[in-house]
Amino acid sequence: KDLENQQKLANVVILATGGTIAGAGASAANSATYQAAKVGVDKLIAGVPELANLANVRGEQVMQIASESITNENLLQLGKRVAELADSKDVDGIVITHGTDTLEETAYFLNLVEKTDKPIVVVGSMRPGTAMSADGMLNLYNAVAVAGSKDARGKGVLVTMNDEIQSGRDVSKTINIKTEAFKSPWGPLGMVVEGKSYWFRLPAKRHTQDSEFDIKTISSLPAVDIAYGYGNVSDTAYKALAQNGAKAIIHAGTGNGSVSSRVVPALQELRKNGVQIIRSSHVNGGGFVLRNAEQPDDKNDWVVAHDLNPQKARILAMVALTKTQDSKELQRIFWEY
Ligand SMILES: NC(=O)C[C@H](N)C(=O)O
């Protein structure tokens, strides 16, 4: 009977990378003061015995870091391991446990470069497992449920936090203290309740198996950096980033990706010297930057990030620049992904 059951269940691999979901605090009252990336994947899995009712689960420790310290090399390493597993006949779905600080970046990266329709679910927690009302157990349970379900196939990389199923493209961390931290400006795709998924909408942008990008052909990522717009800003940071080798600079602009008149001449100059300038917005609810609104992008040969926040725009720019240096192509890619 047990063997029969096992054969019916999906095979899900949990790739652990660290974060607060693997965090530990000194006491149960420490929900905000703790160390991330302390608990190993086997202990995480053992902490949720109910996973065995959802799937045949096995774990791999890919790295053990707090996600604010993730590098492009870490992204490539993780992306390549996900692709190997996705190619494997005995893997039905993949869960990645991750710190929440850059979870939205990793989820979007994988959404762009993994050529598979198998479910890939990225999950984290806002409180360490040692805290009262820790959210990691249920988030992980939900992630395995989604990763093991046939319904989740072909929907791009997903994120399960706070009972919601979010698109890895759209979702962003919006607050650093509540468990309802992950939101998309366009709403979640579905809900996962008691191990069952309920779907309401589908992503419209190109992803995973429909993407023109493939992790297997990417061996390094170009330097792309972000500079922040605010009152009384100077062009110092933009110039320094370019001098340090940035191939593209994401302007984390005010409002509609607007650019201070104190910065415009430097950005025009940098573009003439070959640096791509990509306008995004740092507004909290999600930006919506349009070409030639606020700035003459056609004349300046700049690109707009549309609804991508600055950190997601950095991810797409890096991936796109592995294929093209042409600003028109870059803009096409920013509309399509
Ligand atoms: N909630 C978290 O996971 C935050 C932690 N600093 C991380 O991103 O690894």
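The values are calculated or read from the model by the stated rules, or taken from the named source; none is laboratory data. Quick caveat: nothing in here was measured; it's all calculated off a predicted structure. We place every Cβ from the backbone using ideal geometry, glycine too, and count neighbours over all the protein chains shown. Just so you know, the surface numbers come from the protein's heavy atoms only, side chains and all, with ligands and any DNA or RNA stripped out. Shrake-Rupley method; radii C 1.70, N 1.55, O 1.52, S 1.80 Å.
Please state the equivalent ellipsoid semi-axes for the range 255-337: what are the square roots of 5 times the Cα gyration tensor eigenvalues, largest first, in whole Å?
They are 17, 17, 11 Å, listed largest first.
Checking the a/c ratio against 1.5 first, then a/b against b/c, what shape does the Cα gyration tensor give for the range 83-179?
Prolate, because a/c is 1.5 or more and a/b exceeds b/c.
Given H placed on each backbone N at 1.01 Å, which residues far from MET161 in sequence or on other chains put an amide H within less than 5 Å of it?
GLN166
If you average the alpha carbon positions of the range 175-242 and of the range 131-156, how far apart do those two centres end up, in angstrom?
If we compute the Cα centre of each part, the gap is 19 Å.
Give me the accessible area per residue for the range 190-230, probe 1.4 Å, as a whole number in Å².
Per-residue value: 60 Å².
Compute the length gained on full extension between ASP87 and TRP335: take 0.36 nm times their separation in residues and subtract their Cα-Cα distance, giving the result in nm to one decimal.
86.4 nm
If I model a spin label at ARG153 and VAL193 as a point 7 Å from the Cα along the Cα→Cβ vector, what separation in nanometres do I get?
2.6
If I build a Gaussian network model for the chain, linking alpha-carbon pairs within less than 10 angstrom, which residue out of GLY274, GLY79, GLY168 has the largest mean-square fluctuation?
Looking only at GLY274, GLY79, GLY168, the biggest GNM fluctuation is shown by GLY274.
Exceeding 31 Å between C-alpha atoms, which entries from my cross-link table qualify? They are LYS173/LYS272; LYS80/LYS328; LYS38/LYS173; LYS80/LYS155.
Values: LYS173/LYS272 35 Å; LYS80/LYS328 29 Å; LYS38/LYS173 22 Å; LYS80/LYS155 20 Å.
Where the Cα-Cα span goes over 31 Å, the pairs concerned are LYS173/LYS272.
Please give the contour-minus-distance gain from THR322 to ASN53: 0.36 nm per residue of separation, less the Cα-Cα distance, rounded to one decimal in nm.
92.7 nm
Of the GluC sites (Glu not before Pro) in the range 149-237, which ones lie in a loop per DSSP and count no more than 11 other C-beta atoms within 10 Å?
For GluC sites (Glu not before Pro) across the range 149-237 that sit outside H, G, I, E and B with at most 11 neighbouring Cβ atoms in 10 Å, the list reads GLU194.
Separation of the range 42-100 and the range 1-35 by C-alpha centroid, Å?
10
How would you classify the range 1-155 from its alpha-carbon gyration tensor, with a ≥ b ≥ c the square roots of the eigenvalues: rounded for a/c under 1.5, else prolate if a/b is greater than b/c, otherwise oblate?
Details: a/c = 2.10, a/b = 1.23, b/c = 1.71.
Verdict is oblate for the range 1-155.
Per residue, how large is the accessible surface of the range 1-132? Use a 1.4 angstrom probe and give square angstrom. Intermediate results must be reported in sequence, preceding the final value.
Working: 5550 Å² over 132 residues.
Per residue, the range 1-132 has 42 Å² of solvent-accessible surface.
Taking R0 as 35 Å, what FRET efficiency do you get between THR236 and ALA32 from their Cβ-Cβ distance, rounded to the nearest 0.05?
0.55
Taking amide H positions as placed 1.01 Å from N in the peptide plane, with prolines and chain starts having none, which residues 5 or more places from ASP307, or on another chain, fall under 5 Å of its amide H?
VAL289
Please compute, for the alpha-carbon atoms of the chain, the extent along each of the three principal axes and give them in descending order in Å.
Largest to smallest, the principal-axis extents are 70, 43, 34 Å.
Does anyone have the angle between helix 310-321 and the longest principal axis of the chain? Alpha-carbon axes, 0 to 90°, nearest 10?
80
Enumerate the calculated ³J(HN,Hα) couplings along the range 268-280 in order (Karplus 6.51 cos²θ - 1.76 cosθ + 1.60, θ = phi - 60°), each rounded to whole Hz, writing x wherever the residue is Gly or Pro.
4, 5, 4, 4, 4, 8, x, 7, 6, 10, 10, 8, 10
So how much slack lies between ASP298 and GLU60, counting 0.36 nm per residue of separation and subtracting their Cα-Cα distance, in nm?
80.9 nm
Enumerate the amide H contacts of VAL121 below 5 Å, restricted to partners 5 or more residues apart or on another chain; note that Pro and chain-start residues carry no placed amide H.
Amide H to amide H, under 5 Å and 5 or more residues apart or across chains, VAL121 pairs with ILE94, VAL95, ILE96, LEU158.
With θ taken as phi - 60° and the coefficients 6.51, -1.76 and 1.60, list the Karplus ³J(HN,Hα) couplings across the range 179-191 in order, rounded to whole Hz; mark glycine and proline as x.
With the stated coefficients, the range 179-191 comes to 6, 8, 8, 9, 9, 10, x, 9, x, x, 7, x, 10 Hz.
Could you work out the helix-only [θ] at 222 nm for the chain, with each DSSP H run of four or more residues adding -39,500 (n - 2.57) and the total divided by the number of residues, to the nearest 500 deg cm²/dmol? Before the final figure, lay out the partial values.
Numbers: 11 runs with 99 residues, N = 337.
The per-residue figure over the chain is -8500 deg cm²/dmol.
May I ask you to evaluate 6.51 cos²θ - 1.76 cosθ + 1.60, the Karplus curve with θ = phi - 60°, for each residue of the range 44-59 and list the ³J(HN,Hα) values in order in whole Hz, giving x for glycine and proline?
Once rounded to whole Hz, the list reads 4, 5, 4, x, 10, x, 5, 4, 5, 7, 8, 6, 7, 10, 9, x.
Just the number, please: carbon plus sulfur as a percent of the accessible area of the range 189-289, 1.4 Å probe, no ligands or DNA/RNA counted.
The computed percentage sits at 51.
Let's test the formula: R0 of 35 Å, r as the Cβ-Cβ distance of PHE200 and SER133. What FRET efficiency results, to the nearest 0.05?
0.85
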